[in-house]
Amino acid sequence: MNKFQTEFMNAVKDIQQHCVAVALWEDHASKEEELNSVTSEIIYRIMELIDGYSEFSMGKLDIINTDTGEYLKKDPFIELHDAVAGFIKD
């Protein structure tokens, strides 16, 4: 892997470790609530990483569909971390 890929993967690993550590200290009514909480937090923080707002930020990133050439963030005003909140179960 190149330097950028390694930095990105390390940031994802750090996000996971942080979210799991926080989840261990939270009280949840059920296992489903616990799993939804930790996975939604990880997804949200990865979207922040792409948006450039993470503590692990490497600047603003984008994802390109190599089959269609479409950009996930073609609209420069879309914030993935805000948009994803309406799609995932917290």
Before I look further, what does the chain give for accessible area per residue, probe 1.4 Å, in whole square angstrom? 72 Å²
Summing -39500 (n - 2.57) over every DSSP H run of at least 4 in the chain, dividing by its residue total and rounding to the nearest 500, the 222 nm mean residue ellipticity is -17500 deg cm²/dmol
Using the Kirkwood formula on alpha carbons, the hydrodynamic radius of the chain in angstrom works out to 14.3 Å
Quick check: the angle from helix 3-25's long axis to the longest principal axis of the chain, C-alpha only, nearest 10 degrees? 20 degrees
With a 1.4 angstrom probe the carbon and sulfur portion of accessible area for the range 1-70, in percent, totals 55 percent
Which of the aspartates and glutamates could a cross-linker bridge to K89, judged by Cα under 16 Å and excluding same-chain residues fewer than eight apart? E32, E33, E34, E41
Over 26 Å between C-alpha atoms is what I'm after, so list which of K3/K60; K13/K60; K13/K73; K31/K74 land there. K31/K74
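The values are calculated or read from the model by the stated rules, or taken from the named source; none is laboratory data. As the structure is a computational prediction, the values presented were derived from the model and not from experiment. Quick note on the areas: whole protein, heavy atoms, side chains included, nothing else; ligands and nucleic acids left out. Shrake-Rupley method; radii C 1.70, N 1.55, O 1.52, S 1.80 Å.
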